[in-house]
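Below you'll find the structure, written out as structure tokens, and then a few comments.
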Protein chains: 4
Amino acid sequence: MIGVGVVGYGYWGPNLVRNLADIVDARLVSVCDLMTERLAPVKARYPTVDITSDFDEMLHDPRIDAIAIATPVSTHFRLAMMALMAGKHVFVEKPMAATTEEARRMVEEAARRGLVLAVDHTFVHTGAVRKMREIAERDLGEIYYYDSVRVNLGLFQHDVSVVWDLAVHDLSIMDYVLDEKPVAVSATGMSHVPGEPENIAYLTLFYESKLIAHVHVNWLAPVKVRRTLIGGSNKMIVYDDLEPSEKVKVYDKGITLNGNPQKNGEKVYQMLVGYRTGDMHAPQLDISEALGRELREFLHCVETGAQPTADGNAGLRVVRILEAATQSLAQRGRVIELEKARLIA
Amino acid sequence: MIGVGVVGYGYWGPNLVRNLADIVDARLVSVCDLMTERLAPVKARYPTVDITSDFDEMLHDPRIDAIAIATPVSTHFRLAMMALMAGKHVFVEKPMAATTEEARRMVEEAARRGLVLAVDHTFVHTGAVRKMREIAERDLGEIYYYDSVRVNLGLFQHDVSVVWDLAVHDLSIMDYVLDEKPVAVSATGMSHVPGEPENIAYLTLFYESKLIAHVHVNWLAPVKVRRTLIGGSNKMIVYDDLEPSEKVKVYDKGITLNGNPQKNGEKVYQMLVGYRTGDMHAPQLDISEALGRELREFLHCVETGAQPTADGNAGLRVVRILEAATQSLAQRGRVIELEKARLIA
Amino acid sequence: MIGVGVVGYGYWGPNLVRNLADIVDARLVSVCDLMTERLAPVKARYPTVDITSDFDEMLHDPRIDAIAIATPVSTHFRLAMMALMAGKHVFVEKPMAATTEEARRMVEEAARRGLVLAVDHTFVHTGAVRKMREIAERDLGEIYYYDSVRVNLGLFQHDVSVVWDLAVHDLSIMDYVLDEKPVAVSATGMSHVPGEPENIAYLTLFYESKLIAHVHVNWLAPVKVRRTLIGGSNKMIVYDDLEPSEKVKVYDKGITLNGNPQKNGEKVYQMLVGYRTGDMHAPQLDISEALGRELREFLHCVETGAQPTADGNAGLRVVRILEAATQSLAQRGRVIELEKARLIA
Amino acid sequence: MIGVGVVGYGYWGPNLVRNLADIVDARLVSVCDLMTERLAPVKARYPTVDITSDFDEMLHDPRIDAIAIATPVSTHFRLAMMALMAGKHVFVEKPMAATTEEARRMVEEAARRGLVLAVDHTFVHTGAVRKMREIAERDLGEIYYYDSVRVNLGLFQHDVSVVWDLAVHDLSIMDYVLDEKPVAVSATGMSHVPGEPENIAYLTLFYESKLIAHVHVNWLAPVKVRRTLIGGSNKMIVYDDLEPSEKVKVYDKGITLNGNPQKNGEKVYQMLVGYRTGDMHAPQLDISEALGRELREFLHCVETGAQPTADGNAGLRVVRILEAATQSLAQRGRVIELEKARLIA
């Protein structure tokens, strides 16, 4: 039975603890937080779980095989490296680290030690996103675009921009659903509060193919929107995460291209673009809690050495884009090549 | 009574003719189209209206005081200049011209001759957009952002990109609703049909203030969306043009900023950002046909010498942005200063 | 080529005329209305069509084979009988007549003379309703209920209640989609304007099987709703006529009944009711204008002697329910057996 | 400090316990359930709370001033009477009792002993329903109709029909929002599972005025709907409980009646019915948990002797309608006078 410790009991930590406590094959050994007053309810609710404000204790606890990190982003690198160096497997919140360089060192450390490093890209474990990947591979044909809107009147963060807070979700979903990885990013945005990071941002991702991706994130919207459009040559998807059911709708719609544009003059070619509309289909989705399945997968990987769906490299790819987007934002949309970003990092 | 001729009886021309025929103070004298087979239904339906395929006839017709131009964009400049030189007032479809340079020359020609030059920015005559301007001026406070999505599975154009076809609407609305004019534009997009212009595009507009505007246009979307969010320091607007009623919703929501960020350290300041939510209000809108009101305004300007709401300068400002966006699109979002665009043009 | 005359050029007549003028195999001979000022636009738009205010002229016109009646309900019987007696085929607006007795005599007269009598149940010719019938027959299994809401802020009628004005649509759709015919009706409702008929009403229809149908109609609702739910043992339908596309959604949902309720005690049986949820599917629908297809079918029937989809008997069945519902309304929902209604009539 | 015991820890009991544990002015003394395995989590989560399977213990516990009953409906009467006879104040789930007679005896017993008897009509404590009452009193004018749809694919109950399970919510809301009380009810419905109570039902409520109310409840619907329309002479309300925000929308719409219908002939009167449309307004709502506020009100009443918003008489009025509706259901909508129902009971 794998022993697990959780560090960080703020916003997300309680969800990790609740799910880990429900997994019969794992043992939730202890929960750590610097703010000891946060730990009282842990003890009340899970009397058999130890609580501590000393992370070192956790590192030296032989009952603990793996550590889940749910602390602020700026601390991920330090805590994860300490855990890995102490021989613990690591499950870390997204974004995985504050810089590409940090993320790369975490990946390398885990690889060197043969430890599992999983990143909590929760969305890739939802029924909706898993179904979209299946449809993307099987039904969409060539993928033309991926467009996501994720806006609401939300909690302003002070240490990171809306890109690190919200776009990270979309980037992790794209990393999972789309086969291709972006080669460049252009980002624009604005901060409306003096001294604070951007609260509205627009990212365009470029790929080697004709695929284009775009993400709109905004902390200052009057309504909540969570909507993604994916356009393919055969079918198209609308994914609305706020729909109580039918979150994923697949449209048998598109354009038809007949004839040979190289051979034909413009006039002729114009007559050969047609439209196609057909049925719409909303597949049934697995509605079990994504985080529970994700943690079970992590524990399974610890046990068997398998790779988690969202491994350190997935986390690294996402952080690299966040970093490049932040550079682009500062230059009103100047395109940042992701390979260049790699070299810089 | 003002005499009017209409040139171009394709997609939009019939709407001009229908509305002009209904205005009792004007006389629809003749309709011109190069494709004579298009003109038969005009004669059948409006027996007193002349039809012709010779634009020169219209230019020399002393009964005609003003000419409405509803031909392809590439012909606007030539036809409008001929009309102005013949002493006719001009009402021209949007976009007003194919280049900034053309648009400028049209404005100058009209000014020199003291003729009215109106651009058919139809949306600025709708009840919804007029109400939004009223609210923007009175209720929104400082305007933070303007975000519009205008996508559908639409008719691919072959001569112009989706920016000239769809974003032109948003740019004309912004020109009317927002006090401030943009200083730079960054645009990204993609063509998915070989040899054709971009069918998906994203425009970011920068302003001297902290206002940021963004437009997403797409001819290849599985669903139709026409939704604009406008965020202000006091209130926010959601404008959904597909709603049968309640197209404009005003939200009494936002953030509250207390304290003096310059004087306080980061920790302190963080506690001073608050959220505010209140009632939502959907004002009743004038639902009479915008085009009818717009044409009556044009005729009134012809009569009195007043300036139309969307005059040649408004048309010019919109074309200038379209041109700059097209330059930016070709360079994956490189920011184009609108003053530079002016010099180039 | 079949010659057609249209009597009544008020609200619906123009639609009949427009569609008939578009059918190349038919000849629209003349249009009749008592209010001659209504006929001027007919002449202007369709110069080859005769206009008259004398219905007798139409009856004696040898060029006319069939007459379409679009006058107030109270006149349907008299005009249709005159037409039939003059040997003309008849296409009559819904509701077909003001009483069951009238409707029956119309059916008998048409049958006796071997003339086609079609009732304009337009909805049964829409792509949505035709698809629903197909699904009802093939996929729904045993049909449990049919529930429709048809409300809006609408034109109050003065001669008939909201039941005759709006519920007639639902009754005609049910008559077409459902195999079974109702045996009794209970209706409740209210008039809120002194001296006027009911502006809100609720109809329940009972069947020999366990099918139950219900219609809610209201002229005084703040929002427009056109939504029908059909529940079957295998699948269920949501039909929303206000959706621009995806009007018909088919849900693979329901309950599962296992075990033998007769043999089991209550406790045991309770454990055997389960729920089933699966995919949702929105079939593509024919979006061509229903009225055009309906009129072509009528003309085809005139030519070949075939029965129209909505023949006189369909019209009669609907009127019989309207009449019984009116009786029930007056008695606060007292159930009216439809066989009794037949005898009374 | 008032001591409270909770009996019944099935579906709703945990919500009572959670809310009571959060109220600092009350002491949650013990929780009782016949199924002892249900009580283990209570002890784990609330270590200071006693657990018992013996209701008598609770009755004799001097620390307990009030008992909250969350057991099946059929047991409400017996448990509540025992509690009242033991001098305990009572907070009982809805519906308050299985028959009007039971409900009346509970009301009388509480009155005789000067004890508080509150019924858990939770909805009347929500921000949405409280706001609707305020609007109904102040803005709607004469209320014309109340129409509610409450359908979903839900848990079939075996002991009570969908009327007792779902319509009870609407009846409790109406009892609170509408000034007038119904005088008669007509109900239709159907059971689609052999041996089980009705799973679909339609209730019409009649009033002395022209107000008419209607409730549609259904356990077998493919989609979840929670929508109420309230029509008044001045304004109208749409209440959609599934909306995340803007649950209550107030429409400034209606008809205008001018002239004197008694004096005018029909023709004249017809011209005097007009339509009025204006703004729509969605007031901000209190979103704190209704049950918490409700329990605090109950405790306040225990302390001060004030009447709770939903007292025993409100519960009795609702049960009386449920009982009459059940009679009507069995007779296909025969109208049941509520006064007669009283006499029978």
Residue within the stretch C:300-308 that is open to solvent by less than 30 Å² (accessible area, probe 1.4 Å), within 14 Å of chain D (Cβ to nearest Cβ), under 30 Å from C:Val250 (Cβ atoms) and at pLDDT 95 or above present: no
Selection count, the stretch B:62-75, where residues are open to solvent by less than 20 Å² (accessible area, probe 1.4 Å) and part of a loop (DSSP other than H, G, I, E, B): 2
Residue list for the stretch B:58-74, restricted to those being under 16 Å from B:Glu101 (Cβ atoms) and of a type in the set (Val, Ile, Thr): B:Val73
Residues that are open to solvent by less than 10 Å² (accessible area, probe 1.4 Å) and more than 11 Å from chain A (Cβ to nearest Cβ), drawn from the stretch B:222-238: B:Thr228
Among (1) modelled with pLDDT under 85; (2) open to solvent by 30 Å² or more (accessible area, probe 1.4 Å); (3) more than 9 Å from chain D (Cβ to nearest Cβ) - the single one C:Glu246 does not satisfy: (1)
Residue tally, condition in contact with a Lys or Arg (Cβ under 6 Å, 6 or more places away or on another chain) and either without any contact (Cβ under 8 Å) to a residue 24 or more places away in the chain or within 21 Å of D:Glu337 (Cα to Cα) (or both), over the stretch D:157-169: 1
Residues located in the stretch A:178-201, provided they are more than 22 Å from B:Lys235 (Cα to Cα) and open to solvent by less than 10 Å² (accessible area, probe 1.4 Å): A:Leu178, A:Ala184, A:Val185, A:Ser186, A:Ala187, A:Thr188
Filter pass, C:Gly315 being open to solvent by less than 10 Å² (accessible area, probe 1.4 Å) and part of a loop (DSSP other than H, G, I, E, B): no
Boolean, B:Gly154 is of a type in the set (Gly, Ala, Ser), at the interface with chain A (Cβ under 10 Å from one of its Cβ atoms) and free of Cβ contacts under 8 Å to residues at least 24 places away in the same chain: no
Residue satisfying condition, being part of a loop (DSSP other than H, G, I, E, B), at pLDDT 95 or above and closer than 22 Å to B:Asp241 by Cβ, within set B:Leu140, B:Leu166, B:Leu155: B:Leu140
One residue from A:Leu28, A:Leu20 being part of a helix (DSSP H, G or I), open to solvent by less than 70 Å² (accessible area, probe 1.4 Å) and touching a strand residue (DSSP E or B) at 6+ places or on another chain (Cβ under 9 Å): A:Leu20
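Mind listing whichever residues of the stretch B:218-237 are touching a Phe, Trp or Tyr at 6+ places or on another chain (Cβ under 8 Å), of a type in the set (A, V, I, L, M) and closer than 30 Å to A:Tyr144 by Cα? Let's see the steps before the verdict.
Kept after step one, since they are touching a Phe, Trp or Tyr at 6+ places or on another chain (Cβ under 8 Å), are these residues of the stretch B:218-237: B:218-220, B:222-223, B:227-233, B:235-237.
Then drop every residue that is not of a type in the set (A, V, I, L, M), which leaves B:220, B:223, B:229-230, B:236-237.
Within the stretch B:218-237, B:Leu220, B:Val223, B:Leu229, B:Ile230 meet the criteria.
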The stretch A:145-166, subset surrounded by 20 or more Cβ atoms within 10 Å (Cβ to Cβ) and acidic (Asp, Glu), residue nearest to the chain's Cα centre (by Cα): A:Asp165
Residue ID - nearest to C:Leu203 (Cα to Cα), chosen from residues in the stretch D:322-337 that are assigned to a loop (DSSP other than H, G, I, E, B) and hydrophobic (A, V, I, L, M, F, W, C): D:Val335
Subset tally (residues that are within 24 Å of C:Phe123 (Cα to Cα) and modelled with pLDDT under 95) for the stretch C:180-212: 0
Search result, residues across the stretch C:76-104 that are closer than 23 Å to C:Thr326 by Cβ, touching a residue at least 24 places away in the same chain (Cβ under 8 Å), surrounded by fewer than 18 Cβ atoms within 10 Å (Cβ to Cβ) and out of contact with any Asp or Glu (no Cβ under 7 Å at 6 or more places or on another chain): C:Glu101
Complete set of residues in the stretch B:217-249 that are touching an Asp or Glu at 6+ places or on another chain (Cβ under 7 Å) and of a type outside the set (D, E, K, R): B:Thr228, B:Leu229, B:Gly232, B:Ser233, B:Asn234
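In the stretch B:200-210, how many residues are under 28 Å from B:Ile135 (Cα atoms) and facing chain A (nearest Cβ under 8 Å)?
4
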Residue check for A:Ala213: more than 9 Å from chain B (Cβ to nearest Cβ) and in contact with a His (Cβ under 9 Å, 6 or more places away or on another chain): no
Residues of the stretch A:37-48 satisfying the condition of being part of a helix (DSSP H, G or I) and touching a helix residue (DSSP H, G or I) at 6+ places or on another chain (Cβ under 7 Å): A:Val42, A:Arg45
Members of the stretch B:37-54 found to be modelled with pLDDT of 95 or more and open to solvent by 20 Å² or more (accessible area, probe 1.4 Å), listed by number: B:Asp50, B:Ile51, B:Ser53, B:Asp54
Qualifying positions in the stretch A:49-61 - out of contact with any Cys (no Cβ under 6 Å at 6 or more places or on another chain) and assigned to a helix (DSSP H, G or I): A:Asp56, A:Glu57, A:Leu59, A:His60
Pairs, first facing another protein chain (nearest Cβ under 8 Å) and under 22 Å from C:Leu211 (Cβ atoms) in the stretch C:178-199, second small (Gly, Ala, Ser) and part of a loop (DSSP other than H, G, I, E, B), C-beta under 6 Å, six or more apart: C:Ser186/C:Gly333; C:Ser186/D:Gly333; C:Thr188/C:Gly333
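The values are calculated or read from the model by the stated rules, or taken from the named source; none is laboratory data. Predicted model only: the values in this text are computed from it and were never measured. Note that we place each Cβ from the backbone using ideal geometry, even for glycine, and neighbour counts take in every protein chain shown. Heavy atoms of the whole protein, side chains included, go into the accessibility calculation; ligands, DNA and RNA do not. Shrake-Rupley method; radii C 1.70, N 1.55, O 1.52, S 1.80 Å.
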